[in-house]
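Each reported figure results from applying straightforward, stated rules to the coordinates on display, with no laboratory input. Please read all numbers here as calculations on a predicted model, not as lab measurements. Quick reminder, even Gly has a Cβ in these numbers, built from the backbone with ideal geometry, and neighbours come from all protein chains shown.
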């Protein structure tokens with residue numbers, strides 16, 4: 001393990017802002033991106049956290065991401081928003097959608113936002129969670145560059161495409177209860193684990209990935225050149241395709257197999273897509289929702305050995321708020337170097 | 001294997017109608033139920049097909065299902081319907097929702113139907129498919145009596161709760177292409193396979209289910225008293241909980257662990273719930289959808305060894321239309337006996 005250095009969340013935020021602003025990103029966009037990356041780091045999702053800063057900065061520096069983009073919102077119907085992320089970072093576009101969507105969902109019971117010309121959307125569940133904190137049930141779908149083959153095939157066509165969902169937990173019954181957040185990639189393990197093994201020269205367990213010929217492999221480099229194994233075999237591959245429809249086809253974005261890398265500064269913009277659905281559960285259930293979700297959550301919380309999905313994320317967040325986040329020294333050194341030497 | 005007898009789809013339909021009408025079900029409701037069961041049988045989904053007739057008839061006979069129920073529709077907002085299935089069969093309520101939802105989705109981009117006081121909703125993907133045939137992207141969520149434990153626990157709290165999704169495939173590009181339909185239970189195998197093994201006195205492979213103490217089992221009876229293993233371990237259990245929120249909490253229906261059996265005529269009504277979401281992809285994508293979905297589907301169809309999800313279902317349907325369906329003789333004898341002896 002690399003040595004780590006512990007930063008407070010404020011220190012981490014300021015450092016990310018400085019690194020992005022020094023690399024052709026507007027200060028408000030940099031602050032928005034920093035909030036998302038630091039929140040993911042605090043939640044223990046380091047694959048969507050500070051480790052992304054060097055590749056984000058490389059992309060804003062090269063212009064593959066437009067750090068000065070202003071997302072544009074189109075209010076299409078009382079239940080539908082379209083957002084053009086302008087080939088900038090995803091987070092400013094998602095923030096814009098999340099600011100307007102709740103009022104629409106509360107008025108009509110359901111509303112949808114379609115975000116196109118977008119980028120890496122990070123910790124998917126965090127976007128849903130913000131809607132659940134406002135009393136709404138939410139889905140967020142976003143695609144990612146190719147990693148998973150259709151079942152039976154060998155060519156990666158789909159991203160690891162998470163399914164992310166959040167639901168408010170009965171404020172009337174338990175005012176302090178955090179929303180239920182479900183956020184899972186449809187691959188058996190996160191691709192970041194294979195990337196980390198490749199970087200460290202380690203092997204990976206069998207069952208994580210296939211090589212380019214479709215055979216099981218424990219070689220991390222062969223895995224990176226091959227495909228990620230989906231959960232539930234054909235079922236996970238089908239779920240990855242479903243997310244591809246929802247995130248890309250539904251908004252007019254690049255499909256996973258067309259999207260450029262989210263890690264290199266070279267190439268065309270990835271042009272990914274995201275879809276957010278928000279539902280007012282009080283309206284759909286004629287007021288029954290609060291008691292029903294409380295009964296469901298209580299059944300899981302009182303089951304010996306079981307935990308609600310997202311529990312470890314919330315525990316990590318509480319620790320990070322109290323103690324800060326421990327960042328690997330090499331990543332921190334890279335970010336500090338980016339912040340010190342403006343490139344733009 | 002039991003001997004089978006082959007019926008045309010019309011013969012199968014008429015027989016199911018007769019069995020239900022003879023057991024306290026209104027003729028129009030019986031026809032609606034028969035259409036769904038015969039369609040599932042034709043699609044090779046026999047667990048949602050004619051095998052259900054004896055238990056359906058037992059429930060309408062006892063009054064656990066009200067065979068004379070008239071679903072009631074409440075047009076809550078321009079994007080939201082609530083449907084009270086009246087503790088009758090699910091299919092008439094779903095038909096009512098599916099008749100009204102498309103116009104709402106086309107007007108606003110998205111619309112939702114919440115169905116409460118409902119029953120077994122059968123082949124989940126078939127309901128989505130009807131929306132996709134009308135050019136809409138659709139989700140259907142429905143819960144089922146308890147089978148899956150929260151991850152780490154031993155008590156079944158969630159149903160095998162399918163995720164069902166359908167998307168139209170570019171009528172402009174390929175007018176003859178069937179919609180993409182994804183319909184998968186979040187358990188590793190269908191519960192019906194374990195029920196069939198128990199009935200036949202066979203063991204089951206390890207990996208399908210756990211016994212009541214949470215240990216792996218190959219004993220079908222022990223499995224029926226225990227829990228079904230979800231896909232992707234904790235991930236599948238989380239997806240089952242997500243569907244429980246969408247199908248039950250969101251509409252005010254029974255949770256899986258509160259719902260009575262769908263197989264016995266005894267007890268209170270199961271009072272299950274369903275939610276349908278319909279989206280107009282032309283509106284969300286500003287017209288880009290057709291080309292995008294065609295590119296995605298073509299990439300899968302041209303990948304050696306891969307097939308679109310739902311391919312085997314479509315092949316079975318084509319065979320059934322040409323050749324009829326082969327129904328196990330014991331099931332057919334039961335249905336014929338029900339049709340011959342009115343009870344009610």
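Inverting the mean 1/r over all pairs of different Cα atoms, compute the Kirkwood radius of region A:169-286 and quote it in Å.
Value: 17.2 Å, from the Cα pair sum.
Between region A:81-141 and region B:111-149, how far is it from one alpha carbon centroid to the other, in angstrom?
Answer, in whole Å: 24.
Cut-off 10 angstrom, C-alpha nodes, Gaussian network model of chain B. Which of B:64, B:191, B:235 fluctuates the most?
Sorting by GNM fluctuation, first place goes to B:235.
Looking only at other chains, what is the average number of their beta-carbon atoms within 10 angstrom of each beta-carbon in A:184-193?
Across A:184-193, the average partner-chain Cβ count within 10 Å equals 2.
Calculated FRET efficiency, residue B:103 and residue A:266, Cβ-Cβ r, R0 41 Å, to nearest 0.05?
Values: r = 48 Å, r/R0 = 1.16.
The value I calculate is 0.30.
Which of B:57, B:234, B:85 moves the most in a Gaussian network model of chain B with Cα springs under 10 Å?
Looking only at B:57, B:234, B:85, the largest GNM fluctuation is found for B:234.
Along the three principal axes, how long is region B:248-344 when you take its alpha carbons, biggest first, rounded to the nearest angstrom?
So the extents along the principal axes, rounded to whole Å, are 55, 42, 24.
Roughly what % of Cα-Cα distances in region B:186-246 sit above 12 Å, to the whole percent?
64
Going by Cα centres, region A:188-224 and region B:1-79 are how many Å apart?
Measuring centre to centre over Cα atoms gives 48 Å.
As a check on your grasp of the helix formula, calculate [θ] at 222 nm for the protein assembly as shown: sum -39500 (n - 2.57) over DSSP H runs of n ≥ 4, divide by the residue count, round to the nearest 500. Kindly include the intermediate steps, with their values, before the conclusion.
Values: 24 runs with 270 residues, N = 688.
Helices in the protein assembly as shown give a 222 nm mean residue ellipticity of -12000 deg cm²/dmol.
Express the C-alpha Rg of region A:243-289 as a ratio against the empirical globular expectation 2.2 N^0.38 Å, rounded to two decimals.
Taking the Cα Rg and dividing by 2.2 N^0.38 Å, one obtains 1.76.
Considering every pair of different Cα atoms, what Kirkwood radius, in Å, is found for region B:69-155?
13.9
Show me, bin by bin at 10 Å from 0, the whole-percent P(r) of chain A based on Cα pairs.
6, 24, 33, 27, 9, 1
Which of the three applies to region B:100-256, rounded, prolate or oblate, going by the alpha-carbon gyration tensor with a ≥ b ≥ c and a/c under 1.5 meaning rounded?
prolate
Could you identify which residue out of A:74, A:323, A:303 has the top mean-square fluctuation in a GNM of chain A using Cα springs shorter than 10 Å?
Checking each option, the largest mean-square fluctuation is seen for A:303.
If you take the C-alpha gyration tensor of the protein assembly as shown, multiply each eigenvalue by 5 and take the square root, what semi-axes do you get, largest first, in whole Å? Mind dumping the intermediate values first?
Numbers: eigenvalues 382, 133, 122 Å².
So the equivalent ellipsoid measures 44, 26, 25 Å along its semi-axes.
Please report, in cubic angstrom per residue, the volume enclosed by the convex hull of the alpha-carbon atoms of region A:28-107.
So the per-residue hull volume is 92 Å³.
Using every Cα-Cα pair within region B:295-344, state what percent have a distance larger than 17 Å.
62
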